[in-house]
Amino acid sequence: MHEWALAESVIKAVVENAGNKKIKEAGVLFGELQAIDKEIFVFALEELRGQYPRAAACRFKIMDEPAVFRCKACSREFPLKGLKKTRDEAEFIHFIPEMAHTFLKCPECKSPDFELVAGRGVSISYIK
Amino acid sequence: MKLDPRPSVIEERLKGVKRIIAVTGWKGGIGKSVTACTLALLLAKKGYRTGLFDLDFAGASDHIILGAKGLFPKEEKGLEPPVYEGIKFMSVVFFSENRAVPLRGADVSDAIIEMLAITQWGELDFLVLDMPPGINDAALDIMRFARKAEVLAVTTPSIIARDVLERSLALYRSLATPVLGIVENMARGAAAGGVCARLRFDPALEAALGRPAALAKTAFSRDLAAALKKLGLD
């Protein structure tokens, strides 16, 4: 249920950044790296609506964002798919995506010094 | 638009924390972590609801000083820090399996924001932050997000540490960050000016690391305990 904390940040940020306009819809990106459980996240959002009345009628449109890495050492760009990690390591990355630098390596040169170009964690893509 | 939602919830996560004490000192190896851990142990022993957050990602060591093994946060609407020796304790080592965490500055910042956003500290009298050396992303993020943080500045009798300390104090003054006082670690000889607490160089300290009961009996811990009132922490 660590998703609950992130869902709360999303609903609070949407309300804070919507200005005075009526909030109809917000786009939420799920970065592939963090592997957020969509079902739990949506459940948390529904529970939190009561605490944030301005978001009571907001539709949250959730979209997946593929993870893209770029190695700082050899410049190779690579996806998450194919990178080896244990179940525990995946869980640690789920909590703190930066743990990718501890457990994942560039497939070309094995460096942990890579950039997370896209698909890190939860972000808001639009509010309307 | 790509909006990071996490900062919006950090204030909420810290709202139950009465005081945030950032144990800082811009040189490495001057005893920040031992001071932060011992301070947390002393406050918890006095009955204060106390938290300890090891923010030195590259050199996380509070778990070694405390002898905290086999701990992991509980997932409950975020992460609840495990309680050890009466202290709610959070560290990156829970997620790194004690392996190296090779992060660039922006990644350190992201990891700190993530941990601040998801950690449920609950009600605390004191949250002690063990800061990394230097004025880097961790320090700047704490000034940005934990605006009520008060600095406990650590130094040593070395002219090198003292000089760097003066620069840090000038910055804190310009940022209007409250400084509780200066703690001089490994103190020997005559006291330097402006020091609130002198923690004697204690050869027995190393052997007490990892054992909170033994740590409490060291001259180091006793000196810090005696200085709490002067530092406004009693």
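The values are calculated or read from the model by the stated rules, or taken from the named source; none is laboratory data. This structure is a prediction, so every number in the text was calculated from the model and none was measured. Cβ placement follows ideal geometry from the backbone for every residue including glycine, while neighbour counts extend to all protein chains displayed.
Restricting the search to segment B:169-193, which residues are among the hydrophobic types (A, V, I, L, M, F, W, C), touching a residue at least 24 places away in the same chain (Cβ under 8 Å) and touching a strand residue (DSSP E or B) at 6+ places or on another chain (Cβ under 9 Å)?
Correct list: B:VAL179, B:LEU180, B:ILE182, B:VAL183, B:MET186, B:ALA187, B:ALA192.
Of everything in segment B:121-163, what is within 14 Å of chain A (Cβ to nearest Cβ) and modelled with pLDDT under 95? Give them in sequence order.
B:ASP137, B:ALA138, B:ASP141, B:PHE145
Quick one: B:SER174 ticks every box in (1) in contact with a helix residue (DSSP H, G or I) (Cβ under 6 Å, 6 or more places away or on another chain); (2) more than 14 Å from chain A (Cβ to nearest Cβ) bar one, so which box is it?
With (1) in contact with a helix residue (DSSP H, G or I) (Cβ under 6 Å, 6 or more places away or on another chain); (2) more than 14 Å from chain A (Cβ to nearest Cβ) applied to B:SER174, the lone miss is (1).
Going by what's in this entry, would B:PHE57 be described as under 22 Å from A:PRO97 (Cα atoms) and either outside any loop (DSSP other than H, G, I, E, B) or touching a Ser or Thr at 6+ places or on another chain (Cβ under 7 Å) (or both)?
Answer is no for this residue.
If I ask for residues that are assigned to a strand (DSSP E or B), in contact (Cβ under 8 Å) with a residue 24 or more places away in the chain and closer than 22 Å to A:GLU46 by Cβ, which ones from segment B:68-82 would you list?
B:LEU79
Restricting to segment B:196-232, give me the number of residues that are without any contact (Cβ under 8 Å) to a residue 40 or more places away in the chain and either of a type in the set (Ser, Thr, Tyr) or farther than 14 Å from B:LEU42 by Cα (or both).
12
For the condition closer than 28 Å to B:ASN98 by Cα and either touching a Cys at 6+ places or on another chain (Cβ under 9 Å) or of a type in the set (Phe, Trp, Tyr) (or both), what is the one hit in A:ALA73, A:ALA67?
A:ALA73
Could you pull out the residue among B:ILE118, B:ILE113 that is in contact with a Gly (Cβ under 9 Å, 6 or more places away or on another chain) and within 14 Å of chain A (Cβ to nearest Cβ)?
B:ILE118
Taking the criterion of being charged (D, E, K, R), over 21 Å from B:GLY105 (Cα atoms) and part of a loop (DSSP other than H, G, I, E, B), would at least one residue in segment B:13-24 satisfy it?
Yes, segment B:13-24 contains at least one residue that is charged (D, E, K, R), over 21 Å from B:GLY105 (Cα atoms) and part of a loop (DSSP other than H, G, I, E, B).
So is A:SER111 within 12 Å of chain B (Cβ to nearest Cβ), outside any strand (DSSP E or B) and among the small types (Gly, Ala, Ser) or not?
For A:SER111, the condition - within 12 Å of chain B (Cβ to nearest Cβ), outside any strand (DSSP E or B) and among the small types (Gly, Ala, Ser) - is met.
Of all the residues that make up segment B:1-50, how many are over 27 Å from B:PRO203 (Cα atoms) and either within 14 Å of chain A (Cβ to nearest Cβ) or in contact with a Pro (Cβ under 7 Å, 6 or more places away or on another chain) (or both)?
Counting residues in segment B:1-50 that are over 27 Å from B:PRO203 (Cα atoms) and either within 14 Å of chain A (Cβ to nearest Cβ) or in contact with a Pro (Cβ under 7 Å, 6 or more places away or on another chain) (or both) gives 15.
Being farther than 30 Å from A:GLU89 by Cβ, at the interface with another protein chain (Cβ under 9 Å from one of its Cβ atoms) and in contact (Cβ under 8 Å) with a residue 60 or more places away in the chain is the filter here; which residues of segment A:10-53 pass it?
Scanning segment A:10-53 gives A:VAL14, A:ASN17.
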